Amino acid sequence: MDKTLKRLNLLMWMGVPLGLIMYVGTEEAFGFEMAMPLSIIAATSFALIVRKGKERIISEALAKEIREAINRFGRIENYIEIKSGKRIGLIARIYLINAGSRAGEINQAVRNRLETSVFKGKIWILQLTDMASKEELRATRQALDIQLVEELKKMAEDERNKRK
């Protein structure tokens, strides 16, 4: 996984030569005024595409790690949602269906597994919840969204108070 991430980080910088090629190819035909923006757009677009792909690969690998930790407790139906918090890290949500008393054990197993993985510094928030049925997913997601916003507000307020 680390090798893949390093390669993707290197690949992202390949947008610079791509932008240079775009400039050389368009400067004679369109002039400096058009060639420069086109080259910047090409380089930036390539970097953004690679970054999105990197986020997808990380999310898939993270979901696999979480699922392996959950599967140690048997066949428990679950849904995993990974969100990217641009500058802050990943937000992982785990929705368990009828885990009951095993939810606490699963929570600890997932946390332990992630602490020893390459995702240790990449996960910012981990939310785990147990639901009676998958029909509760939408309502549970909304409740977790509200809880997340409240936590973010609280963290922002704490950060402002530290700066004073």
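The values are calculated or read from the model by the stated rules, or taken from the named source; none is laboratory data. Keep in mind it's a predicted model, so treat the numbers as computed, not measured. All Cβ positions, glycine included, derive from the backbone under ideal geometry; neighbour counts span all protein chains shown. Only protein heavy atoms, including side chains, enter the accessible area calculation; ligands, DNA and RNA are left aside. Shrake-Rupley method; radii C 1.70, N 1.55, O 1.52, S 1.80 Å.
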request  = Return yes or no: is S59 open to solvent by less than 60 Å² (accessible area, probe 1.4 Å) and in contact with a helix residue (DSSP H, G or I) (Cβ under 7 Å, 6 or more places away or on another chain)?
outcome  = no
task = Please identify the pairs in which a residue from the stretch 67-83 that is farther than 15 Å from K134 by Cα has its Cβ atom under 7 Å from the Cβ atom of a residue that is among the charged types (D, E, K, R) and open to solvent by 40 Å² or more (accessible area, probe 1.4 Å), counting only partners at least 6 apart or on another chain.
result = A69/R113; F73/R102; F73/E105
message = Please determine whether any residue of the stretch 68-82 is open to solvent by 70 Å² or more (accessible area, probe 1.4 Å) and touching a strand residue (DSSP E or B) at 6+ places or on another chain (Cβ under 6 Å).
response = yes
Failed condition for K52, given (1) over 17 Å from F119 (Cβ atoms); (2) basic (K, R); (3) over 14 Å from the mean Cα position of the chain (by Cα) = (3)
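With respect to L38, determine if the residue is modelled with pLDDT of 90 or more, surrounded by 14 or more Cβ atoms within 10 Å (Cβ to Cβ) and over 30 Å from T116 (Cβ atoms).
Numbers: modelled with pLDDT of 90 or more: yes; surrounded by 14 or more Cβ atoms within 10 Å (Cβ to Cβ): yes; over 30 Å from T116 (Cβ atoms): yes.
Answer is yes for this residue.
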query = Does T26 count as open to solvent by less than 40 Å² (accessible area, probe 1.4 Å), in a helix (DSSP H, G or I) and polar (S, T, N, Q)?
reply = yes
inquiry  = For a quick check of your reading of the model, give me the residue pairs whose first member lies in the stretch 117-145 and is on the phi < 0 side of the Ramachandran plot and without any contact (Cβ under 8 Å) to a residue 40 or more places away in the chain, whose second is in a loop (DSSP other than H, G, I, E, B) and small (G, A, S), with beta-carbon atoms closer than 8 Å and at least 6 apart or on different chains.
reply    = D130/A99; D130/G100
ask   = Looking at the stretch 52-100, which of the residues that are in a strand (DSSP E or B) and among the basic types (K, R) is modelled with the lowest pLDDT?
value = K83
ask   = When the residues of the stretch 92-108 are filtered to those that are open to solvent by less than 10 Å² (accessible area, probe 1.4 Å) and not β-branched (V, I, T), which remaining residue is farthest from R67 (Cα to Cα)?
value = A99
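Assess whether A132 counts as being out of contact with any strand residue (DSSP E or B) (no Cβ under 7 Å at 6 or more places or on another chain), modelled with pLDDT of 90 or more and farther than 25 Å from I58 by Cα.
On the way: out of contact with any strand residue (DSSP E or B) (no Cβ under 7 Å at 6 or more places or on another chain): yes; modelled with pLDDT of 90 or more: no; farther than 25 Å from I58 by Cα: yes.
The answer is no for A132.
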task = Answer yes or no: is there a residue in the stretch 2-19 that is free of Cβ contacts under 8 Å to residues at least 24 places away in the same chain and open to solvent by less than 80 Å² (accessible area, probe 1.4 Å).
result = yes
query = Which numbered condition trips up F46, out of (1) of a type in the set (F, W, Y); (2) open to solvent by 50 Å² or more (accessible area, probe 1.4 Å); (3) part of a loop (DSSP other than H, G, I, E, B)?
reply = (3)
